[in-house]
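Readers should treat all values here as calculations from the given coordinates under stated rules, not as data from a laboratory. Note that the structure is predicted; figures quoted are calculated from it, not measured. Cβ placement follows ideal geometry from the backbone for every residue including glycine, while neighbour counts extend to all protein chains displayed.
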Amino acid sequence: MDFYYIFAGSPNTPQRVLSRLAVCGQLKVRGRIAENKETPADILQLLAGDENWEVRASVATNPRAPQEVVEILSRDENADVRYSMAECDHMPFHVLDRLAQDENPYVAERARNTLEEVFVRLAI
Amino acid sequence: MSRFIEVLLVEDSPADVRIAEEAIVDAGVNVNLHVVNDGEAAVRYLTQQAPYDNAATPDIVLLDLNMPKMNGHDVLDEIRNQNNMKEVPIVLLTASESCDDVEKAHNLGINYYLRKPVQGPGLGQLLNAVQSLWH
C-alpha cells in the first residue's frame, strides 16, 4: 500500500503534509498532488517548475492553479503540457485563444475544438 | 530508535481491540496505545475533559464506525472543528460494505479507512507513513 500516494490525492491531507510530499522525489506522488483539487496555490506554483511534463500538465489543468502559473504553462516548451490545457474547458478564453494559434497543429486544433464546445454550451 | 507513536483506538468491541493490539505487535512499530470504548469517551479524551484532563493529543486516531452513544461519524463531526484536532490523522475502522459510510466519513475529514479485521502489515505501513509525514 503506497500511503504517500494515497495521502497525496486526499482532500483531507493537511497543507503542511502536502508540502512535504511535494518534495519527496516520487514522480507519481508529485503528480497526484498536482491533480489534487485541494492543493494550495503555493504548492502548485512549486510543482509548475517540475522537471516532469506530466506533473506540469496536472498543475496546468488544476482549477486551483494561480493565473500566473496558467500563463507560464500555456507557453511550456512541451507540447503535451499545452495540449492538456487546450483540452480543458475551464481555461480562460484568452489562454485557449492563444493555444488555438499554437505552433503545434494538434494543440491548436484541440484548443479550437474546446473553444467551439464552450461557445456551443454558452449559447444553450 | 524512533519515538513511540501515540495511538488512540476508539473501539467498543473487546475482540476488535485485541485484534488491533495484535496487529500493532505484528506491525513491529513502537506504539503507546490508548483505548476508549465509545464515541462519547473519544470526544472527552480528544477535548481533554474529565477523566482525560491530562491526555496528550494523539499522533493518530483509529476510529471505529459503529459504536454505542456516538458513532464514528458523530465523533468526527464533533472533533474535526476543534483547533487541536484539525490536522490529527484519523483512520476509520469499519466492517461496513457501504460506500456511503466511507464517503460520509471522508466528507467529515478522515484521512484513510481500514477494513476490519485490521492486519499488521497494512497498519504498520500506515503508522510509519503518518509518523514520517505528520510529525
Spatially proximal lysines relative to B:Lys69 (Cα-Cα < 26 Å; intrachain offsets below 8 disregarded): B:Lys86, B:Lys104, B:Lys116
Size of electric dipole in the stretch B:5-130: Cβ of Lys, Arg +1 and of Asp, Glu -1, about Cα centre, debye, nearest 20: 180 debye
Shape call, chain B: gyration tensor on alpha carbons, a/c limit 1.5: rounded
Global form of the stretch B:80-135, assessed from the alpha-carbon gyration tensor, a/c cut-off 1.5: oblate
Residue mean of other protein chain beta carbons inside 10 Å, B:104-116: 2
Positive-end residue, the stretch A:74-124 charge dipole about Cα centroid, Cβ charges, pick of A:Pro105, A:Cys88, A:Val120: A:Val120
Three-way shape call for the stretch A:1-66 based on the alpha-carbon gyration tensor, with the a/c threshold at 1.5: oblate
Choice from A:Val59, A:Val95, A:Val29 with maximal GNM fluctuation in chain A (Cα, 10 Å cutoff): A:Val95
Positive-end extreme of charge dipole, chain B - chosen from B:Gly72, B:Ala41, B:Ala23 (charges on Cβ): B:Ala23
Student exercise, the protein assembly as shown dipole from Lys, Arg, Asp, Glu Cβ charges, in Debye to nearest 20: 360 debye
